[in-house]
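The values are calculated or read from the model by the stated rules, or taken from the named source; none is laboratory data. Bear in mind the structure is a predicted one, so any value in this text is a computation, not a measurement. To get the accessible areas, we keep the full protein, side chains included, count just its heavy atoms, and leave off ligands, DNA and RNA. Shrake-Rupley method; radii C 1.70, N 1.55, O 1.52, S 1.80 Å.
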Amino acid sequence: MEMKIMGDGEKKNILDNYSDVLTPVDLMSILHTGRTLTYKMLRSGSIKSVRAGRRYLIPKKYLEEFLDIKDGVK
């Protein structure tokens, strides 16, 4: 199975459909990950987030940074 690395333009197009602040459910949809892995990445700090009480809020900027690191752009 061949994995395609997305360019910056493709990442932006995908994220255009979401608000400026993402939820863990949004992350699951964007990254195609399950609940457990998504929350594990948030708890460990792999994906930066802001806590509002018990909720995780993820500014789009933080997800873009995570995607850049994963693609080896930085």
Which whole-Hz ³J(HN,Hα) couplings does the range 28-36 yield from phi under the Karplus relation 6.51 cos²θ - 1.76 cosθ + 1.60, θ = phi - 60°, glycine and proline marked x? 4, 5, 5, 8, 6, 10, x, 4, 4
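Would you work out what percent of the accessible area of the range 15-60, with all protein chains in place, is carbon or sulfur (probe 1.4 Å)?
51
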Show the residues, 5+ positions off or on another chain, whose built amide H is closer than 5 Å to the amide H of TYR18. none
